[in-house]
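Engineer: There's a structure below that I have some questions on.
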Amino acid sequence: MCDSNARRTLWNDLMHCANRFKHEPWTVLGEFNVTRYGAEPSNGMTKAMQEFNNANTKPELEDLKGTGFHFTWNNMRMGTEAVLKKLDRALGNWQWFRSMGDSFAQFHPPGILDHSPVSIHLRHRQPYKGRPFKILNFWTDSEKFLHIVKQEWDKEYTCSPLIVIHKKLKSLKGSLRYLSTRPDSIAKELRLKLHSVQQVMVSGDMDQSVVVREMQLWQEVGRAARLEEAFFKQKSRIQWLKEGDSNLAYFHKMVKVRQSKNHIVRIRNEAGVWVESEGDIA
């Protein structure tokens, strides 16, 4: 892997596997002998790094959540001559994150080696316990949004100003949760309705009311699709892509990646022991 030609052969193999097994969950792990990002560290974005990132982007591979050693290689030197890099990784495709999102990679102490061994841990998917409240951007596009905010903010409370604000925010939170259905559900329902109307048109029924209904649904689907994309963009935290460029599938996939990386898989307790069970972590 020290030879650039050998690396390019591996990148081609990765893309071949990605095309062949794109509908199955799979992962690849080990030493790639090249970093992905400048902070891992490296002297800027090199050609080898660009080729490696392209080899991950095209097959839609992403790093698994990692624990243990961040820098996985060292040059076995001391002081100012010491060099640390992240050359070892565990990568999974979208199907892996979708079906095994609670898995994680552990990078172990290197011992007498210059590389940290890596292993993948599979965990039972944890039950959904809800998420902290967060304003969803698509709510602000609703005609009811400002009315709900004003209605909740006009309520009178007889207590200290700080408690008043707390009560108003808490009440507003409850009202906003039921402002509307998730836009992806609305978009799905509208697409089904549009499909049904168009099926009627295909059968030969070109009544004016059917044509008008088809046009109305077509416009509603367009609006719902824009809200759907904005919703998943916010959840994915992707900032470098613009809404409206048909990136919904990518945003949706990145939501799965974020969810996988955000969960806590192990924690060190007061006795200095690493624990992994949900009960011990809680």
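Engineer: Could you list, in sequence order, all residues of the range 53-79 that are surrounded by fewer than 14 Cβ atoms within 10 Å (Cβ to Cβ), more than 19 Å from Asn12 (Cβ to Cβ) and not charged (D, E, K, R)?
Structural biologist: His70, Asn75, Met76, Met78, Gly79
Engineer: Go through the range 95-133 and count every residue that is modelled with pLDDT of 90 or more and touching a Pro at 6+ places or on another chain (Cβ under 6 Å).
Structural biologist: Selection size over the range 95-133: 2.
Engineer: So which residues in the range 36-52 are modelled with pLDDT of 80 or more, closer than 26 Å to Pro110 by Cα and surrounded by fewer than 17 Cβ atoms within 10 Å (Cβ to Cβ), if there are any at all?
Structural biologist: Tyr37, Ala48
Engineer: May I pose another question? Can you give me the number of residues within the range 46-83 that are among the aliphatic types (A, V, I, L, M), more than 17 Å from the chain's Cα centre (by Cα) and either under 22 Å from Val28 (Cβ atoms) or in a strand (DSSP E or B) (or both)?
Structural biologist: 3
Engineer: Also, I was wondering about something else. Taking the condition of being among the hydrophobic types (A, V, I, L, M, F, W, C), under 30 Å from Glu152 (Cβ atoms) and in contact with an Asp or Glu (Cβ under 9 Å, 6 or more places away or on another chain), how many residues in the range 177-210 meet it?
Structural biologist: Qualifying residue count, the range 177-210: 3.
Engineer: Kindly provide the set of residues from the range 96-122 that are in a strand (DSSP E or B), among the hydrophobic types (A, V, I, L, M, F, W, C) and surrounded by fewer than 21 Cβ atoms within 10 Å (Cβ to Cβ), ordered by number.
Structural biologist: Scanning the range 96-122 gives Val118, Ile120.
Engineer: Check off (1) exposed (fewer than 15 other Cβ atoms within 10 Å of the Cβ); (2) within 29 Å of the chain's Cα centre (by Cα); (3) not aromatic (Phe, Trp, Tyr) for Leu190 and give me the number that stays unchecked.
Structural biologist: (1)
Engineer: If you don't mind, another one. Enumerate the pairs (first residue in the range 46-58 and in contact (Cβ under 8 Å) with a residue 12 or more places away in the chain; second residue anywhere and assigned to a helix (DSSP H, G or I) and of a type outside the set (Phe, Trp, Tyr)) with beta-carbon separation below 6 Å, excluding pairs fewer than 6 apart on the same chain, so at least 6 apart or on different chains.
Structural biologist: Ala55/Leu14; Lys58/Met15
Residue-wise test of (1) under 39 Å from the mean Cα position of the chain (by Cα); (2) farther than 28 Å from Arg226 by Cα; (3) not small (Gly, Ala, Ser).
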{"residue": "Lys155", "(1), (2), (3)": "yes, yes, yes"}
{"residue": "Arg182", "(1), (2), (3)": "yes, no, yes"}
{"residue": "Leu194", "(1), (2), (3)": "yes, no, yes"}
{"residue": "Val197", "(1), (2), (3)": "yes, no, yes"}
{"residue": "Ser203", "(1), (2), (3)": "no, yes, no"}
{"residue": "Val210", "(1), (2), (3)": "no, no, yes"}
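Engineer: Further question: Filtering the range 84-95 down to residues that are closer than 20 Å to Arg36 by Cα and under 14 Å from the mean Cα position of the chain (by Cα), which residue is surrounded by the most Cβ atoms within 10 Å (Cβ to Cβ)?
Structural biologist: Only one residue tops the list, namely Gly92.
The values are calculated or read from the model by the stated rules, or taken from the named source; none is laboratory data. None of the values given here were measured: they were computed from a predicted structure. Cβ coordinates were reconstructed from backbone atoms using ideal geometry, including for glycine residues, and neighbour counts include every protein chain displayed.
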